[in-house]
1. Based on DSSP H assignment, which helices of the chain show an axial Cα extent of at least 24 Å together with a mean Kyte-Doolittle hydropathy greater than or equal to 1.0?
2. So, with a 1.4 angstrom probe, what is the percent of accessible area on the chain that is carbon and sulfur?
3. Of Trp22, Val126, Leu278, which is farthest on the positive side of the dipole of the chain, counting Cα position, with +1 on Lys and Arg Cβ, -1 on Asp and Glu Cβ, and the Cα centre as origin?
4. Would you check the accessible area of Leu191, probe 1.4 Å, heavy atoms only, in square angstrom rounded to 10?
5. How large is the Kirkwood hydrodynamic radius of region 16-92, counting all unique pairs of alpha carbons, in Å?
6. Describe numerically, in nm with one decimal, the distance between label points set 7 Å from Cα along Cα→Cβ at Met43 and at Leu57.
7. Per residue, how much accessible area does the chain have with a 1.4 Å probe, in Å²?
8. In the full protein assembly as shown, how much of Asp280 is accessible to a 1.4 Å probe, in Å² to the nearest 10?
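The values are calculated or read from the model by the stated rules, or taken from the named source; none is laboratory data. Predicted model only: the values in this text are computed from it and were never measured. A quick note on method: Cβ atoms are made from the backbone with ideal geometry, for glycine too, and the neighbour counts reach across all protein chains shown. Protein only, heavy atoms only, side chains kept; ligands, DNA and RNA dropped before computing areas. Shrake-Rupley method; radii C 1.70, N 1.55, O 1.52, S 1.80 Å.
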Amino acid sequence: MSAEIQEGYGAERESSDGLRVWLEQAEAFTRRSLQEVRNSRLMLAWVIAFPAIMYLLQTTQEASGSAVSDAIVSIGIGILGSMFVCLFVFGNQLATDLEDRRYVVYRSMPISPLADLTGRMAAGLVLAASAFTVTIVAGLATGASYGLRGPESVPIVLAAGVLTCLFWMVVAIPFVVAAGNKRIASMATTLVAVTAFILTGLNGAVPSQSVIDGPALNYLPNTLPTRLLVYHLVPAENWTELGVAPPGMPTGPAFLALLAAYAVLSTVAGTMLVNRTLYDQGWLP
């Protein structure tokens, strides 16, 4: 075997080994994050059941709601549940590791900061999807009416859910770093989720309750995914009668592209923050 071939084979093997190690590290952070929530049954029950309970309380107070309006409300509250997971649970675990000085140990080990962030985000996606799904199940149990607009709705709904979760998990990082305290970080991130939900009318699901008027509801990072999901999961046409419009629903591909831009930019920023503030490795992964 020539020297050139041997060198190329060695580089390829080293690259393969590096990827394998990276995937193992990301998986370890995912598994650990999920185990921490699972081991705390109170937190697990609260995180998963909180939005469903909130939805049931909301529909109980408004007994005159229709099956379609109940579905719209459940989506708005379901997005709140996902935001709560991404901000509170993700942020709480990160703050705990900071308080317990685990990052002092992590920095002394050959751990990839990007594998750390990816693993935590994967766990956050699982929990956020669970919270949202349980809320939809609660909606079905109370007679809420759902239906896909078309085959294209499946990838759009999945993409919207993943992209918005990535954005809100990154939002939690600067709050955790700035607070330097788990209790303060938990309060701050919870306040962000609840405030956004209230000020924008159930995350844009009920514009009449929002303090923000007009097309802005189709562009904010909490209302845009909510309204996308409402459009693709609720079988309705006259949105004005249902109280979801104005503004008009975000139906064009540009809105999904905007949500993707939010997620990409925030993920890049999150990677930089983790590198710089937690691993002290500069701005590159």
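1. 41-61, 67-84, 113-141, 153-179, 182-199, 253-273
2. 66
3. Among Trp22, Val126, Leu278, the one farthest towards the positive end of the dipole of the chain is Leu278.
4. 110
5. Answer for region 16-92: a Kirkwood hydrodynamic radius of 14.8 Å.
6. Label-label distance for Met43 and Leu57, simple model: 2.2 nm.
7. That works out to 48 Å² per residue.
8. We get 110 Å² for Asp280.
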